[in-house]
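So the structure is just underneath, and the comments pick up after that.
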Amino acid sequence: MSDFSSPSIAVIGSLNIDYLTRVECLPSPGETLASDCLELYHGGKGANQAISIARQGCQARLYGALGADDAGVTYRKSLKEEGVDVTGILTVPNKTGAAFITIDDAGENTIITASGANENLTAVHLLDSAPEIEACQALLGQFEIPTLALVEAIGIANRAEVPVIVNASPFLPTFPWREIQVDYAIANELEATELLEFSPFEEPESMLQQRLHEMHIAHLIITRGSKDTIVFSPGGNSLRVPTLPVLPVDTVGAGDAFAGCFAARITSGESLDAAVKAANCAGALTTLGRGAQDPIPDRERVNQHVEHLVKYD
C-alpha cells in the first residue's frame, strides 16, 4: 500500500478483463486447440502498472476508462482496495476492455485485446486533469490507449518538467516520439528494434545514441527475459543489470510489474542501476504466479530478492 508522504505517479493507461486459457503449446495459424481451463482476472497495462507502483509504496493516480457494466464497477472497487487513486478513471457506456490470453506449458503467451471502454479516454479528459498531472513527480504511459490522449498527457508533463516514462508496448509504429520528450523508454528486444528501426545490439552504439537523440529519448531500457537488462544513457554510458533466475509459470504482466516498479523506485530517488535491479526482480517474481496482478510483489519482497541477483549473458 502507498502512503501519502511518498511520490505520486500519474499512470495513463488501459484497464481490461483478462480471459485466460492454458494449452500445452501455442496454436499455429489455422489450428484449433481445446483447453480445459478458462480463468478471469483483472488486467490492462495501465492498471497493472498502477498496482505495481502502489505495492512499491508510491501513490498511483490512474487515468483510464471503465465500462458502466458490472465488470467496470467491480474493477474500480478492486483498484481502490489496492490503494490506487481512481478519481481519474472515466465511466463510459461501452463495455469494459478485454484481453484474450493463451498461455502454453512453458509460460509463453499470445494476447489479443479488445479496447472497449479504453477507446473513450480522450485528450480533453487529460487536459482537464492537467493540474493533478502537473502535481505528480512522474508520468508513466503505454500504448493500449488512444495515442492522442497519451500525447496530451506527456505534453502536460513536459511543460511542467515532470519526468516521463514510456513503456513502448504494444509497439506502435506511428507514435510521435519526435514531438515529445521522454526521460525513460522501456522496451523488450523486439520493441526496441522496431523503435530504433535497427537492432540495438548489431550496430555501433554511436548510431543508437544518435537515434535516441533524434527521438527525444534520454534513456532506453531494454528488457531481455532471463538475460541482463541493458540500459543506454546519454554520453555513451550503458549498464548491464542482472535479472533474477526463475522458472516462469505465467509471463503475463511481468513487463508491467517491471515498468511500475521502475517508475516507483526511480521517482523515490534510487539510482538508475538500483531502480532497474528492483524492477528486474519485480518482473521475475510476477512470473511465479497466475494472472497479471495478483503475483505482483510488494516492496519488501522485491528488496529481499535484489541481493540474490545472478548475472546472465
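Could you tell me how many of the residues in the range 217-271 are assigned to a helix (DSSP H, G or I) and either modelled with pLDDT under 95 or of a type in the set (Val, Ile, Thr) (or both)? Total satisfying the criteria: 5.
Condition check: within 18 Å of the chain's Cα centre (by Cα) and of a type in the set (Val, Ile, Thr). Does residue 87 satisfy that? It is false that residue 87 is within 18 Å of the chain's Cα centre (by Cα) and of a type in the set (Val, Ile, Thr). Return a yes/no flag: does the range 278-297 have any residue that is more than 24 Å from residue 105 (Cβ to Cβ), at pLDDT 95 or above and part of a loop (DSSP other than H, G, I, E, B). No, the range 278-297 contains no residue that is more than 24 Å from residue 105 (Cβ to Cβ), at pLDDT 95 or above and part of a loop (DSSP other than H, G, I, E, B).
Please enumerate the residues belonging to the range 173-216 that are of a type in the set (Ser, Thr, Tyr), touching a strand residue (DSSP E or B) at 6+ places or on another chain (Cβ under 7 Å) and either surrounded by fewer than 19 Cβ atoms within 10 Å (Cβ to Cβ) or in a helix (DSSP H, G or I) (or both). So that I can check it myself, show each step before the final result.
Step one: filter the range 173-216 for residues of a type in the set (Ser, Thr, Tyr), giving 174, 184, 193, 199, 206.
Filter again for touching a strand residue (DSSP E or B) at 6+ places or on another chain (Cβ under 7 Å), leaving 184.
Once the filter is applied, which keeps residues that are of a type in the set (Ser, Thr, Tyr), touching a strand residue (DSSP E or B) at 6+ places or on another chain (Cβ under 7 Å) and either surrounded by fewer than 19 Cβ atoms within 10 Å (Cβ to Cβ) or in a helix (DSSP H, G or I) (or both), the range 173-216 yields nothing.
Give, as residue ranges, the strands (runs of 3 or more DSSP E) completely inside the range 56-115 that count at least 2 residues that are out of contact with any helix residue (DSSP H, G or I) (no Cβ under 6 Å at 6 or more places or on another chain) and over 25 Å from residue 128 (Cα atoms). Break it down stepwise before answering.
Numbers: elements: 59-67, 85-92, 97-103, 109-114.
Where strands (runs of 3 or more DSSP E) fall fully within the range 56-115 and carry at least 2 residues being out of contact with any helix residue (DSSP H, G or I) (no Cβ under 6 Å at 6 or more places or on another chain) and over 25 Å from residue 128 (Cα atoms), they are 97-103, 109-114.
Taking residues in the range 301-313 that are of a type outside the set (D, E, K, R), and partners anywhere that are assigned to a loop (DSSP other than H, G, I, E, B) and modelled with pLDDT of 80 or more, the pairs with Cβ atoms closer than 6 Å and at least 6 places apart or on different chains are 305/244; 309/242; 309/244; 310/245; 312/226. If the condition is being crowded, with 24+ Cβ neighbours inside 10 Å and free of Cβ contacts under 8 Å to residues at least 60 places away in the same chain, then the range 255-277 contributes 276, 277.
The values are calculated or read from the model by the stated rules, or taken from the named source; none is laboratory data. Here the structure is a predicted model, which means the values were calculated and not measured. Don't worry about glycine lacking a Cβ; one is built from the backbone with ideal geometry, like all the others, and counts go over all protein chains shown.
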